Structure formats: structure tokens, C-alpha cells
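All remarks here apply to the structure that follows.
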Amino acid sequence: MLKIEKLETYYGNIQALKGIDIEVLDGEIVTLIGANGAGKTTTLMSISGVVPPRSGKITLNGVNITGKAPDEIVPMGIIQVPEGRRIFPDLTVAENLDMGAFLRNDDAEIKRDIEYVFELFPILSQRRNQRGGTLSGGEQQMLAISRALMAKPRILLLDEPSLGLAPIIVQQIFDIIKKINVEQKTTVFLVEQNANLALKIANKGYVMETGRITMADTCENLLKNDEVQKAYLGM
Ligand code: ATP
């Protein structure tokens, strides 16, 4: 579905991505793990068009999307949940969800999708008239994922959904990510520092170090890999 080839992205003179190759197949959960500053967020920003790459190629189902602007990328079904959540704090939960569906006009299906996200996250249903900014961190992450689902993603790009959340909430959110993948057949590209959890729900993983992919394998193999265990799993 999503193919990244020899991608290079810069911030001025600083080269953040040094020729990376990643492939995400239809229906998979693929995770990109790595330390702080490795280039994980930049990879997502390059895909979603926020930081255009300098060279290399990104294709979605064979269509070249390299360098396209975010307003062209979003309607193609590539929907990003940014790090730090970025929900609309002054809008209610329901209004935030409406914003996620702003490109759609299939009202009956939008209604069904709202019911679906309320089933996934019942707490959001209870808080539907509450302003986003008054929610807890975990609830805001749930809302950010739900808002992205309202856009009917073909591929969901998640940037560190575990960031700053209590372990029990993180586990809940990861269970739901898996559920969305299984039930909705939504393809997921998950960027995470919490390698342990990410490798447990994903099919395939990539390890990134200072702008390069240093390992790519099934999660089963990565979890057994000595280097991964030492560097990312604290074993
Ligand atoms: P984190 O987990 O902290 O988000 P990351 O793996 O997502 O880390 P990136 O945020 O992609 O890493 O950063 C990759 C490199 O690019 C780092 O060296 C970082 O300092 C640099 N960088 C990121 N954003 C900018 C920017 N706006 N301007 C200049 N350099 C940047």
C-alpha cells in the first residue's frame, strides 16, 4: 500500500533522513521504532507532506505522492495522528469528531462511524459535550485517534500514541489500535519509542538510528533479536 524508497529529508542543512526504505502492505500494522531524534517523526511528516523530502520516492498503491501537500494527501486517505495529540481544545468531543469528517458528505455513514468510535471508547461518549481541552491525556489520545478514524483512513499514521500516558491507558489504547486494524481492516503505520508494546501488536518492524533504517524484520524475529533486546527492550 505504502512504499518509501531511498527517502532523504532535510531541515535546512541538517539531514534527518538518509535514504530510507519502508514498505507497508494492505491490512498490516507496521511499526517504526528508534530512540529520540532518530528521525521517526520526520518520516511521518515526509509521508503526510508537512516536511517535503528532498529526494526519494513515496507511493500509495502505486501512485506517486512524493512532495504533495497535506491538503492533497489527506483526501487520499493518509491520516496522521500527530505526537502530542493536537485535538481542538475549545471544541467539544462531538465537534472534534465532526472536524475529522469534514471532507465527507455521507451523513448516514458518518453517524454510524461516530457510534463506532463511541463503542471503541465509551468514555468519549460520556464526555461528548465536554470541551476537548478538559479531557485527561489518555482521553485526548483516544479523541485524536477517533477524530482520525472519522476521516475514514486507508492508512493511519500514529506518532507515539503512548507518549506521556500511564501504562494501563497505553495498553488500552494499543488494544484498540489492534482492534481497529482487525475490525476495520485499517492499515496502520505506528511510530513508537515503546518498542515492547509496538512490536507486540505489529506484524513487521523497522528500527531507525540517526536517519537510517538499521533493521527490518517480522516483529516476532525483532523481539528475539539480541541487539533489539539490549537497545530497545531493556533486557
Ligand atoms: P522524537 O522521538 O524525539 O520525536 P524522532 O525519532 O521522531 O524523535 P525527529 O523528530 O524526526 O526524530 O528528528 C530527527 C532529527 O531531525 C533530529 O536530529 C532532530 O533534532 C532534527 N529535527 C527535527 N525537527 C527539526 C526542525 N524543525 N528543525 C531542525 N531540525 C529538526
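Just so it is clear, none of the values below were taken in a lab; they were calculated from the coordinates. Nothing here was measured: the structure is a model prediction, and the numbers come from that model. Because the Cβ atoms are built from the backbone with ideal geometry, glycine has one as well, and the counts that use them run over all protein chains shown.
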For region 168-221, what Kirkwood radius comes out of the mean inverse Cα-Cα distance, in Å?
12.0
Gained length - LYS185 relative to THR218, 0.36 nm times residue gap less alpha-carbon distance
10.0 nm
FRET E, pair TYR116, ASN196, Förster distance 35 Å, beta-carbon r, rounded to 0.05
0.75
For the chain, set up a GNM with springs between Cα atoms under 10 Å and report which of THR187, THR210, THR43 has the largest fluctuation.
THR210
How big is the charge dipole of region 85-152 about its Cα centre, in debye rounded to the nearest 20, if each Lys and Arg gets +1 on its Cβ and each Asp and Glu gets -1 on its Cβ?
220
Test item: Cα-centred dipole of the chain, Lys/Arg +1 and Asp/Glu -1 on Cβ, debye:
200
Relative contact order for the chain using alpha-carbon pairs under 8 Å, separation at least 6, rounded to a whole percent?
28
So what's the gap between the Cα centers of region 71-120 and region 145-160, to the nearest angstrom?
8
Taking the chain as a Gaussian network, where each spring joins two C-alpha atoms under 10 Å apart, which residue of ASP98, ASP217, ASP107 fluctuates the most?
ASP107
Crossing angle, helix 167-183 versus the chain [Cα axis fit, 0-90 degrees, rounded to tens]:
90
Tell me the mean residue ellipticity at 222 nm calculated for the chain from its helices only (DSSP H runs of n ≥ 4, each -39500 (n - 2.57), averaged over every residue, nearest 500).
-11000 deg cm²/dmol
Net charge, MET215 excluded, C-beta distance under 13 Å - Lys, Arg +1, Asp, Glu -1:
-1
Counting pairs of alpha carbon atoms under 8 Å apart in space and at least six apart in sequence, what relative contact order in percent does region 170-235 give?
24
Taking the Cα centre as origin and putting +1 on Lys and Arg beta-carbons and -1 on Asp and Glu beta-carbons, what dipole magnitude results for region 95-235, to the nearest 20 debye?
80
As I understand it, the dipole of the chain uses +1 on the Cβ of Lys and Arg and -1 on the Cβ of Asp and Glu, about the Cα centre. Which of LEU165, LEU190, ILE14 lies farthest toward its positive end?
ILE14
Volume per residue, Å³, of the convex hull around the alpha-carbon atoms of region 85-152?
71
Hey, got the Cα dimensions of region 96-235 along the principal axes, in Å, largest first?
49, 28, 26
Which chymotrypsin sites (Phe, Trp or Tyr not before Pro) in region 33-132 sit in a loop by DSSP (not H, G, I, E or B) and have at most 11 other Cβ atoms within 10 Å of their own Cβ?
PHE102
Taking r as the C-beta separation of ASN13 and ASP175 and R0 as 35 Å, the FRET efficiency to the nearest 0.05 is 0.25
For the chain, the Cα convex hull volume per residue in Å³ comes to 118
Links that overshoot a 23 Å alpha carbon limit, given the list LYS185/LYS224; LYS18/LYS57; LYS3/LYS204; LYS57/LYS230:
LYS185/LYS224; LYS57/LYS230
Select from LYS40, LYS18, LYS204 the residue whose mean-square fluctuation is largest in a Gaussian network model of the chain (Cα-Cα springs shorter than 10 Å).
LYS18
